[in-house]
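The values are calculated or read from the model by the stated rules, or taken from the named source; none is laboratory data. Note that the structure is predicted; figures quoted are calculated from it, not measured. Every residue, glycine as well, gets a Cβ built from its backbone with ideal geometry; the counts of neighbours run over all protein chains shown. In case anyone asks, the SASA skips ligands and DNA or RNA and just uses the protein heavy atoms, side chains included. Shrake-Rupley method; radii C 1.70, N 1.55, O 1.52, S 1.80 Å.
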Amino acid sequence: MRDIAFVAFLFAFIGVGFRRPFLFVLCFCYIDIVAPQRLSYFLINSIPISLIVFGLAIVGWLAADDKRDMRWSGRQFLLIALLVYCGLTTSQADFPVEAADKWSWVWKALVWAIFLPLTLRTKLRIESLALIMLLSAASIAIAGGIKTAAGGGGYGSLQLLLNENYGLYEGSIMSTVGVAIIPLILWYRRHGTIFAPDWRVSIFCFALCFACMLLPIGTQARTGLVCLAVLAVLSLRAVKHRFLYIAGAGLLAIAAVPFLPQSFTERMETIQGYKSDQSASTRVAVWAWTWEYAKENPFGGGFEAYIQNRLRVETSGSGYDPDQPQNADATVHDEKSRAYHSSYFEMLGEQGYPGLALWLLLHIVGIVQMERLRRRYLKTRRGEEQWIAPLATALQHGHIVYMVGSLFVGIAFQPFIYMMLALEMGLSTYCRRREQEAGWRPLTARPAQVPARHSVPGVG
């Protein structure tokens, strides 16, 4: 019955969507994040729902949406270059079948990131996309937070909504994304208009932030703990009373330690000495292999090139002591076909130096662009622009958290992150368009007023 109801809703939605094509855009974002077809028992999982709505969104926009004030961002051209380059490396991949399988969803994530900013013409659309992204991720984060609070969890054993390592359902990935969206949740609590800010919205947003902070504990992902620490430092920029914030955060961390599961604290202790942990030691060995591989293959080996790695990993018996000989109480493990566990090495091994350079440039430009927007609108006195600087700050902080988490998780092409990039590009082009329409003046001068649009008799 659930599948039949969903299909009926989909057909009804299609009828409405061609009158409001942006609804297709939001629907695809939800489907791409949550993957409801994978939660189905029978009917929906046999239909390519994602591809259908993807096509409907683009066709609907081409046929019915207003494109008069459409703007392109320089980063969209970087995405086009990355898309073409990845297509070329896929055609020459070391493992053509496996590479084609990954390419089947990577191209869609890149094309969507190129297309999505073109639809973000208004503040309402920007806010709508942010809200859909938050609510979609919240459906996963809340499930993980409740299970963690109830005493569940464990490395590789916390089941979110889907019991497989797909998309955001993988523990380390969801921990990274969960921490990255906390600034965006707090932005919506203060500046959202679809659900007007009140005590109910505040309670939900604070509870969602708490659920996101519980994810690193429930999944026991070391990456999530590092991301939380980075976000805590970044938040110093936005708080008014910094010393009070530091004292409160420190006391909260100390008070939380006795309530943490022993398995979590033991796993976090392995951050100090990676040689005592086989998983961490294997990652370092894979990174070393990838570095040597890139020297011989500067243009990469295409998607899934890691399949060919063969490693010998040495771990110490009890905690890593730099004063001990390398072979004291050591255990040697033979490993093969181990994934990169780092977006940086993922790009280096699969796309080579050119692909890594394009990927880094794409993200660095985005972080710098959000900083420029934050500074430009930070002291604006226009009421209709008060939301811009906080949103730029929230997106920048989330972006930095993602870049830190990417050091330890292979999420170079994670679709959720590319939607976040599209949101940044949409905000940038929206502000540029408003500045051109209003006649932007520097902040040192008196703020320019947005001229009212008057209709001229006999024209339009």
Run the simple label-point estimate for Val59 and Leu88 please: 7 Å along Cα→C-beta, distance reported in nm. 3.3 nm
Residue-by-residue Karplus 3J(HN,Hα) for the range 346-363, coefficients 6.51, -1.76, 1.60, Hz, glycine and proline x: 4, 5, 5, x, 8, 10, x, 5, x, x, 4, 5, 4, 5, 5, 4, 4, 7
Highest first, please rank the peptides 190-200, 419-429, 87-97 by the mean number of other Cβ atoms sitting within 10 Å of their residues. 419-429, 87-97, 190-200
At most 16 other Cβ within 10 Å, DSSP loop - chymotrypsin sites (Phe, Trp or Tyr not before Pro), the range 52-102: Trp72
If you count, for each residue, the other Cβ atoms within 10 Å and average over each peptide, how do 174-182, 367-375 line up from highest to lowest? 174-182, 367-375
May I ask you to give the solvent-accessible area per residue for the range 58-149, in square angstrom, as obtained with a 1.4 angstrom probe? 41 Å²
Using modelled backbone amide H atoms (1.01 Å from N, in-plane), which distant-in-sequence or interchain residues come within less than 5 Å of Glu314's amide H? His333
